[in-house]
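Only the coordinates and a few stated rules stand behind these numbers; no lab work does. Because the structure is predicted, anything quoted here is derived from the model rather than measured.
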Amino acid sequence: MIPDKLFFRIGEVARLCSLPPYVLRFWETEFPQLKPHKSNTGQRLYRRKDVENVVRVKKLLYEEGYTINGARQFIKSEGKRDHSQAALPFAHVHSNGSQLREIKQGLRDVLGILSARR
C-alpha cells in the first residue's frame, strides 16, 4: 500500500518496496521509466507514479522471472499499447450500397470524439 503523499525519498521507497536503495539507484540506470526528480540538494524525490513503476519492475523481475532486458522490453511494449491509436469507426466498411452512409456516420462519430476532448 502506497501512502497518499506527493513525494517520497529514496529511503521511504526502499522501505515500501523492501529493496535496498542501491537497487533503486541501479534500476534508474536500466529503466527509463524510473527517473525520480532531484531536489536542489540532490535528494531523489519519487512521485507516486515512480513508486508504482518500482513496484511493477520488482514484480516483473522477482515474481515473474523476467531478466532486466526482458522487463525493459515488456514495459516498453506496454507503453506502446497504451498509446496506440484506436481504430476509426468506419475502418471496416462493407462493400454494399450503404458505404457512403457508413462513411458519413463514421466521420460524425470521429467528430463527436474530437469535440468531446475539448
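General remarks:
- Stretchable slack from Val23 to Leu100, in nm (0.36 nm times residue separation minus alpha-carbon distance): 21.8 nm
- D (Stokes-Einstein, µm²/s), Kirkwood Cα radius, region 8-83, 0.692 mPa s at 37 °C: 257 µm²/s
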